[in-house]
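Heads up: the structure comes next, in structure tokens.
The values are calculated or read from the model by the stated rules, or taken from the named source; none is laboratory data. In this text, all values refer to a predicted model and were calculated from it rather than measured experimentally. Neighbour counts run over all protein chains shown; Cβ positions are idealised from the backbone, glycine included.
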Amino acid sequence: MCGRFAQYQSRDVYLDALGIADSDYVHDPEPIGRYNVAPGTNVVLLNQRDGELKLDPVYWGYGPEWWNKPPLINARGETAASSRMFKPLWNHGRAVVFADAWYEWKRSGELKQPYCIYQKNHEPMFFAAIGKAPYDDPHGKEGFLIVTAASNKGMVDIHDRSLLVLKASAVAEWLSEDTSPERAEEIAKEATLPKSDFRWHPVSNKVVSPKNQCEELNMQSESSAI
């Protein structure tokens, strides 16, 4: 499942797409400029704390103290609300990841071709996320996971699962501390973007290395687009 995405526009652009750029947030028009965000790094995360929206640098990955394996980076939307490991995060740690695209790898025999997936109108995307709140510790390693969607919402030509991309109009309710866990489950089922809103094309294998951060990473390779 998704292990790379792009977050390259400015915070102002993402917040403006949510209609909250004129709030008390301190404006920052500087592009984030990350074309190849990898797990194990801090990512700008939108969350609500004490009734106010916050932007925090949060570690992408989650593993509690008893977890003796590498940190997890995704959580299945179908089971996260009820699982032993993720239920507390679903109930009290819902968040949103700003993004412009994400990458998936399609297997063809022994080869894997990376694809860039994005909204067909190139609008910003808002990935549903859950994690260990509060998110005010930039050095914390119990960070966040991106929620994945069932295959019927996925780009089945590329991968049998997709990311759960929220409609901009649903973000505030998803984040709200007043939203019940049950209502959050409904949002995850009803307020996500359909497959028809997306486009995708093959990209260079340079995306394999997180050291590569150039804009060309999400440009179409010589292979044919789907």
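Which of the numbered conditions does MET85 fail, given that it passes all the others? Conditions: (1) without any contact (Cβ under 8 Å) to a residue 40 or more places away in the chain; (2) closer than 25 Å to PRO210 by Cβ; (3) among the aliphatic types (A, V, I, L, M).
Going through the list (1) without any contact (Cβ under 8 Å) to a residue 40 or more places away in the chain; (2) closer than 25 Å to PRO210 by Cβ; (3) among the aliphatic types (A, V, I, L, M), MET85 breaks only (2).
Where in segment 29-77 are there strands (runs of 3 or more DSSP E), lying wholly inside it, with at least 1 residues that are touching a Cys at 6+ places or on another chain (Cβ under 6 Å)?
In segment 29-77, there are no strands (runs of 3 or more DSSP E) which contain 1 or more residues that are touching a Cys at 6+ places or on another chain (Cβ under 6 Å).
Can you tell me how many residues within segment 98-121 are farther than 18 Å from VAL207 by Cβ and touching a strand residue (DSSP E or B) at 6+ places or on another chain (Cβ under 9 Å)?
Here the count works out to 3.
So, of the residues in segment 186-208 that are touching a strand residue (DSSP E or B) at 6+ places or on another chain (Cβ under 8 Å) and of a type in the set (Ser, Thr, Tyr), which turns out to be farthest from VAL43 (Cα to Cα)?
The selected residue is SER204.
The rows are residues; the columns are (1) modelled with pLDDT of 90 or more; (2) assigned to a helix (DSSP H, G or I).
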{"position": "GLU142", "(1), (2)": "yes, no"}
{"position": "ILE146", "(1), (2)": "yes, no"}
{"position": "MET155", "(1), (2)": "no, no"}
{"position": "ALA170", "(1), (2)": "yes, yes"}
{"position": "THR179", "(1), (2)": "yes, no"}
{"position": "GLU182", "(1), (2)": "yes, yes"}
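For segment 78-95, what are the residues that are surrounded by 15 or more Cβ atoms within 10 Å (Cβ to Cβ) and in a loop (DSSP other than H, G, I, E, B)?
Within segment 78-95, GLU78, ALA80, ALA81, MET85, PHE86, GLY93 qualify.
Quick check, is ASN42 among the polar types (S, T, N, Q), in contact with a strand residue (DSSP E or B) (Cβ under 8 Å, 6 or more places away or on another chain) and surrounded by 16 or more Cβ atoms within 10 Å (Cβ to Cβ)?
In short, no.
Restricting attention to segment 122-143, and to residues there that are among the hydrophobic types (A, V, I, L, M, F, W, C) and touching a helix residue (DSSP H, G or I) at 6+ places or on another chain (Cβ under 8 Å), which single residue is surrounded by the fewest Cβ atoms within 10 Å (Cβ to Cβ)?
Only one residue fits best here, namely ALA133.
What residue, of GLU110, GLU104, is more than 25 Å from ASN42 (Cβ to Cβ), at pLDDT below 95 and among the acidic types (Asp, Glu)?
Criteria check complete, one pass: GLU110.
In contact with a Lys or Arg (Cβ under 9 Å, 6 or more places away or on another chain) and either modelled with pLDDT of 95 or more or not in a strand (DSSP E or B) (or both): which single residue out of PHE98, PHE127 fits that description?
Being in contact with a Lys or Arg (Cβ under 9 Å, 6 or more places away or on another chain) and either modelled with pLDDT of 95 or more or not in a strand (DSSP E or B) (or both) holds for just one of PHE98, PHE127, which is PHE98.
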